[in-house]
Structures are given as structure tokens and as C-alpha cells.
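Undergrad: Below is one structure. I have some questions about it.
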Amino acid sequence: MAGHKLDILRRKIKAINVGISTFADSLRMQGVDVIEVDWRPPAGGDEELLKILESLKAKDRE
Amino acid sequence: MNGEVIRRRLDPEEIEKANQKAVARMIESEAYLVDIQPAIKVIPGFKQDLITHAGPPIEWSRMAKVQKVAIINAAIAEGLADTPEIAEKLIERGEIQIAPNHNYNLVSGMCGATAPSFPVLVVKDPVHDNTAYVWQQTDSTAFGDRLERGIKEINFVKEVLAPVMKATIKEMGGRINIKEIMALGLQMGDELHSRFEATLGAFLVRISPALVSTGFSKDELRRVLEYFATTHGGKWYPGNLTMGACKVMTMSAENIKLSTIVTVMSRNGVEFGIRVSGLGTSWFTGPAGRVRGFTFPGYTHDDAAPDIGDSAIIETRGLGCMTLAASPSQSRFIGGLQEAIRHVKDMYRITVGKDPMFRVPTMDFAEAPVGIDIRKVVELNIVPKVTTGMAHKEGGHPIIGAGIAEAPMEAFKKALLAFAREYV
């Protein structure tokens, strides 16, 4: 069973990196295919601002 | 509107409607250069003892040195003081008043020091019946360059350029369509904030028959054309027109209740300020950022003043750095064309509309992003950037470089908190 799970690490990995680019850079340096997703914490994680934004959001607005 | 409380639960759909209205008004606005007149004569409320400046309001004691130098230059050029020391004393005592250009629907590049007798461009939007004014950039009032050098340029503008251009406007039936020339320039490699080669060409082609018909002497006309062809101020002349056009177009989106759309962005070298449609004339500020780009020989980034100027009105309208990919040459500021395209795509994420008249040719003629929404800026953590010149932090020099500066997130957060206090 344990052997099965480790098999994935022996195959060619393709990675999705969400957020900080330097993690993607390290993978690329090791020859790993990486797709980067530009994501940042909404409102920088500020809870007060997040509450305000939520109250100002129209229904079904992205 | 300020102070009015909405005594019911806020319906967010009303914010969307307000924003759509603000953006529609910006897009449908027109911009015509209709006159050139001394500021004191044509700007309501302008006073004989007033020097105005770029950016949000700031006390003299906190003002950036280069902006102080530019204001002192303007005061001396105006005859309000004989020496810099006297000018400074008069300002400190309040006998020469200072105020933001935007208080008077006026814009001016870099330090933006404007004096009462300076001939300002008058730009009208007949769709919404708004008028904006521009004091053009000159080395000593925009960059705080030495007045001994710069006074010749100011006098040339007053005595030759302004009268010739005023007469040219008259020869063209009293109005020149600036918006149309800007749209053309955007499709020819200009981003309309720091590069204007194509826009200047289009402008000169359009005005040349009228210019020649004004009846001014061959020598005066030659001096005007030489100014356009060879000087910083002349090559940047379309920038003045663009600032005025963008100011008058963004004015149409002001004071719309519940709108979260940015109507002004402006810097004074210490603070970067924004104004928001639904929040009237209140300023929300954060620190003015560093300008990152290139410097001319003999200067380094350490010599540069922080971001300064009313010219961010261009980005407020959705042009300049908002459409950076339109200019392959200026895209180098951000690391190349692909980076510029990525940046413009980010700007779509923080705006609510698109302008069919302004198109980015390198992005398959995509429409320019319009209507910066403070909610999206804060939520997505993406700030607008501004293409801009660099002034020497001490003054005493002309332009020392150019590059890109970021708007501070702090300004947008403050605006959002104020919006919530006002309406929620």
C-alpha cells in the first residue's frame, strides 16, 4: 500500500503554484513544469475590510 | 451628499448602478481645447495672491523640497516676491496662499506650480457642460529647475506660444478635438502619459493650416514650431492637452451618490491622493511611491523625488499606464511588452468598464479599462501604476529620468473605510 502512494513521486510532476512566485522558481530549477496562479489574500487578509467588502457586494457578483 | 445618511439597509445593486453611471459618463464625455487665458481671468475663484500646486493638500512645512522650489519659482515669476527667501517668508505667513490645483478643476504636471497670470489651456466637455484647465509643464514650475534658466520658457509661453495657440484655436472654429487626437495617438505607439511622439505629430498636422493662417510673423511661428520640435516642454505639449482632456472627462463622474469609482489620482511628492465619486471632494492619501525606471546620464534613482504630479489624472481616465501595452517603447519600464500586457489585464480586474474609443493595438485592439473601483483594488490587492517623469528631489534640475510608480494601497483602504462610514 505504501509503495503505491509513493509511486506518484517517481512520475513526472506537473505543479500548480498558487501565490508567491519564488516557490514556482524553485520547482522550475528542478525541471518541473509549473503553472502559476496569481492569487493574493483578499484585502490583504484584513478582517474589517473583508466585512465591508462583503456588505458592499451585489448578489451573484464575482 | 456628505453627511447624508441612508436610513435603510444598503442595496449593493445600487452601488453597481451608480458605478455604471459614473463610467458611462466618463466614456461619453468629450474634450475640446477651446481657449487659452490667464488663470486669474478664467478660473473661478483663482486669486491674485494664490499659487496652486499638484497633488492633494499639504502644509508648507511638510511639502517636498522640489515642489517648494517650483512654487517659489512661480511666485517670483509672478512678481509676488523678489527672492526665494522673501517668497518663502510670505508663504509661511499666509500672504501668498497655496492650494491644490484640483480645487480649481485645474491640473498641471510634476510639481504643477501655477500662478495667476500663467496662460492656462481651457478644455471643455460640451456633453456634460464641464470645464477643466491646464497649466502646461515648464522646467521651472514642473521640475523646480533653476528660474534663471526657466524664466525664458515661462515668458515665451506667455508672450508667444499662448497668443499663437489661442489664435490657432480661433482659426479652427473655436475648438480642437483633443479626445480624437488622443485615440489616434494610442493606436500609434503612445500610451499618452510619458510618450507622445505620435500624438504630437497628429496634433501638429491638424493645426498647421490654422496656425499659418493666424497672421503671426514667420519668426513667431518658427519659434512655436521649434518649441514643439526641440524642447521638453514642446515635446510634452500633448501631455498637457491629455491631462486637461482626462480631467474634464473624469469630472463628469464626480459626485454620484454610492459610486466607488475613483475620479482623481494625484501626487505631491509626499502623498499620493485619490478622490472617489461617492465621497465628494474628500482626499484619501498614502505615501507617494518611488519612481522605478531609468535616469539620464549624471543622475541616479537616489536623486529622484517620490512620485509627483497631477498627471495621474490620465490613469484615472483609463489611459497612460492603464494602457501601457499600447506603447512597446514604454513597456520596457515594466520589463517588456508581455509584462505590460499582463499589467493591462490586471487593470481590467480593478475597473468596471471598457472604452470603445481608446484601443490597445498590441492586444488585438482591446478597449481601454475605465473606472477604477476602490472595492476591487482592496479586495484583489492590485493597485494602479502610473508612468511618470522623475524630478530631482532638491530641485534645480530639469527632468532627470522616467519610469513607473505605484499608487499606495493605503489610500484605497482609507477610501473604502470612509465609504462604509458614509453609506453602510
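The values are calculated or read from the model by the stated rules, or taken from the named source; none is laboratory data. Everything numeric in this text was worked out from a predicted model, so none of it was measured. Note that each Cβ is placed from the backbone with ideal geometry, even for glycine, and that neighbours are counted across all protein chains shown. What goes into the accessible areas is simple: the full protein's heavy atoms, side chains included, and nothing from ligands, DNA or RNA. Shrake-Rupley method; radii C 1.70, N 1.55, O 1.52, S 1.80 Å.
Undergrad: Say R0 is 45 Å: what FRET efficiency, to the nearest 0.05, do A:Asp25 and A:Glu47 get from their beta-carbon distance?
TA: It comes to 0.90.
Undergrad: Moving on. Can you tell me the relative contact order of chain B? Whole percent, Cα pairs under 8 Å, sequence separation 6 or more.
TA: Reported as a whole number, the value is 21 percent.
Undergrad: Ok, one more. List the trypsin sites (Lys or Arg not before Pro) within the stretch B:88-179 that fall in a DSSP loop (any state other than H, G, I, E or B) and whose Cβ has at most 12 other Cβ atoms within 10 Å.
TA: Passing sites in the stretch B:88-179 are B:Arg93.
Undergrad: Under a cut-off of 12 Å between alpha-carbon atoms, report the aspartates and glutamates in cross-link reach of B:Lys170, not counting same-chain residues fewer than 8 places apart.
TA: Output for B:Lys170: B:Asp35.
Undergrad: Taking every DSSP beta bridge with both residues inside the stretch B:61-213, roughly what % is antiparallel (nearest 5)?
TA: Taking every DSSP beta bridge with both residues in the stretch B:61-213, the antiparallel ones total about 60 percent.
Undergrad: What pairs from A:Lys57/B:Lys413; A:Lys51/B:Lys257; B:Lys235/B:Lys413; B:Lys152/B:Lys247 go past 26 Å between their alpha carbons?
TA: Violating the 26 Å Cα-Cα cut-off are B:Lys235/B:Lys413; B:Lys152/B:Lys247.
Undergrad: In the protein assembly as shown, what % of DSSP beta bridges are antiparallel (nearest 5)?
TA: 80
Undergrad: Here is a further query. ³J(HN,Hα) across the stretch A:46-57 via Karplus (A = 6.51, B = -1.76, C = 1.60, θ = phi - 60°), whole Hz, x for Gly/Pro?
TA: Residue by residue, the stretch A:46-57 yields 6, 5, 4, 5, 4, 5, 4, 4, 4, 6, 9, 8 Hz.
Undergrad: A further question on this structure: Given springs between every Cα pair under 10 Å in a Gaussian network model of chain B, which of B:Ala210, B:Ala115, B:Ala77 has the largest fluctuation?
TA: B:Ala210
Undergrad: Of B:Pro361, B:Ile334, B:Gly298, whose Cα points farthest to the positive end of the dipole of the stretch B:274-408 (charges on the beta-carbon: +1 Lys, Arg; -1 Asp, Glu; origin at the Cα centre)?
TA: So the residue we want is B:Pro361.
Undergrad: Which value in deg cm²/dmol, rounded to the nearest 500, describes the helix-derived mean residue ellipticity at 222 nm for the protein assembly as shown, given -39,500 (n - 2.57) per DSSP H run of n ≥ 4 and division by the residue count?
TA: Counting only the DSSP helices, I get -11500 deg cm²/dmol.
Undergrad: Tell me, how many Å apart are the Cα centres for the stretch B:265-337 and for the stretch B:18-50?
TA: That distance is 21 Å.
Undergrad: Among the DSSP beta bridges whose two residues both lie in the stretch B:1-145, what percent are antiparallel, rounded to the nearest 5?
TA: Of all bridge pairs located within the stretch B:1-145, approximately 65 percent are antiparallel.
Undergrad: Here's a follow-up. Between the stretch B:132-172 and the stretch B:360-414, what's the alpha-carbon centroid distance in Å?
TA: Distance between centres, Cα-based: 26 Å.
Undergrad: Using protein heavy atoms only (no ligands, DNA or RNA), what is the total accessible area buried between A and B, 1.4 Å probe, nearest 100 Å²?
TA: 1600
Undergrad: Continuing with this model, one more query. Calculate, for chain B, the solvent-accessible area per residue in square angstrom, rolling a 1.4 angstrom probe over the heavy atoms of the protein chains.
TA: 36
Undergrad: Continuing with this model, one more query. With each label point set 7 Å from Cα along the Cα-Cβ vector, what nm distance links B:Ala24 and A:Leu9?
TA: Calculated label separation equals 6.0 nm.
Undergrad: Same structure again: Quick one: of B:Lys17/B:Lys68; A:Lys14/B:Lys17; B:Lys179/B:Lys376; B:Lys21/B:Lys393, which pairs are farther than 32 Å apart, Cα to Cα?
TA: B:Lys17/B:Lys68; A:Lys14/B:Lys17; B:Lys21/B:Lys393
Undergrad: Moving to a separate point now. Work out from phi, with θ = phi - 60° and the Karplus expression 6.51 cos²θ - 1.76 cosθ + 1.60, the ³J(HN,Hα) of each residue of the stretch B:190-202, listed in order in whole Hz, and give x for Gly and Pro.
TA: 9, 9, 6, 10, 10, 10, 9, 4, 5, 5, 4, x, 4
Undergrad: Compute the distance in nm between two label points, each set 7 Å from the Cα along the Cα-to-Cβ direction, one at B:Ile151 and one at B:Val42.
TA: If labels sit at B:Ile151 and B:Val42, their model points lie 2.6 nm apart.
Undergrad: Taking all protein chains in place and a 1.4 Å probe, what share, in percent, of the accessible surface of the protein assembly as shown do carbon and sulfur account for?
TA: Here carbon and sulfur together make up 53 percent of the probe-accessible area.
Undergrad: Exactly which GluC sites (Glu not before Pro) in the stretch B:57-93 are in a DSSP loop and have at most 16 other Cβ atoms within 10 Å?
TA: B:Glu59
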